[in-house]
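Any read-out appearing in this document is the output of simple, stated calculations on the displayed coordinates, not a laboratory observation. If you're wondering where the values come from, they're calculated on a predicted model, not measured in any experiment. All Cβ positions, glycine included, derive from the backbone under ideal geometry; neighbour counts span all protein chains shown.
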Amino acid sequence: MDNLHQRAEYDLLTNLLDKKTFEEHVERYLDSCGPEMSCSYLQIDLDNFKHINDTCGHAVGDEVLASVGALLNSTFRKDDIKGRIGGDEFAVLLCAEGKSPEKLCEITRESCIRLFSSMKYLSTTIAQKTGTKDVTVSASVGIAILGCDGNTFQELYQCADKALYISKRSGKNRFTFYESV
């Protein structure tokens, strides 16, 4: 029964929540939040993922996606909500109870820097493992802050998505807070 539950709610490749379940968990969490809760919503899109699939093959692409899922699980805390919301798109609700907006932004910034550093290492690991030279794993991230940029999943998603596209247009492999859009 546990296995069926796992398969119904989790993306099997990345071991992250699937899109529908991720949205449900975030909505339920936001509904239960008190005023002392600080959260940032991160919309994460892998850069040039189509190039990896096209030049290295889908097996390498799947390896990249599975590895990014593992990176998200190791970069963010167990209590943060992590999901794969599309082909090469991921999202995280980073929760920091009792933290000031400034401290939350600092925690979010540090998490993004750790994620980018891990992705750089992942590029080398995947290239060595597969024998391909054209594997560069990086991501663009858009960030929205609960309360400042929105109070519902949909509001946070829309703001983070706008910030994500600023990251993409600004050269990729970077993060952008919605407030600076």
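Can you run the Rg to Rh ratio on the chain? Use alpha carbon positions and the Kirkwood inverse-distance Rh.
For the chain, the value is 0.97.
How much length would be gained if the chain were fully extended between Lys162 and Tyr121, taking 0.36 nm per residue of separation minus their Cα-Cα distance, in nm to one decimal?
12.0 nm
What length, rounded to one decimal in nm, is gained on full extension from Asn73 through to Lys129, with 0.36 nm per residue of separation minus their alpha-carbon distance?
18.0 nm
Counting C-alpha atoms alone, how compact is the range 40-146: give Rg to one decimal and Dmax as a whole number, in angstrom.
That works out to 14.4, 47 Å for Rg and Dmax.
As a test of the formula, what do you get for the chain when each DSSP H run with n ≥ 4 contributes -39,500 (n - 2.57) and the sum is divided by the residue count, at 222 nm and rounded to the nearest 500 deg cm²/dmol?
Rounded to the nearest 500, the figure is -17500 deg cm²/dmol.
Which order results if Lys78, Lys20 are arranged by neighbouring Cβ count within 10 Å, fewest first?
Starting with the residue having the fewest Cβ neighbours, the order is Lys78, Lys20.
What ranking of Phe153, Phe90 emerges when the number of other C-beta atoms within 10 Å of each C-beta is taken as an exposure proxy, fewest first?
Going from least to most buried by this count: Phe153, Phe90.
Where the convex hull is taken over the Cα atoms of the range 7-65, what is its projected area averaged over directions, in nm²?
Its Cα hull, projected and averaged over all orientations, spans 5.2 nm².
Using Cβ contacts closer than 10 Å as the measure, can you line up Ser140, Ser100 from fewest to most?
Placing the least packed residue first, the sequence is Ser100, Ser140.
What is the distance in Å between the Cα centres of the range 1-75 and the range 161-181?
Using only Cα atoms, the two centres lie 20 Å from each other.
Take the Cβ-Cβ distance between Glu97 and Glu9 as r, set R0 to 25 Å, and report the resulting FRET efficiency rounded to the nearest 0.05.
Efficiency for this residue pair is about 0.55.
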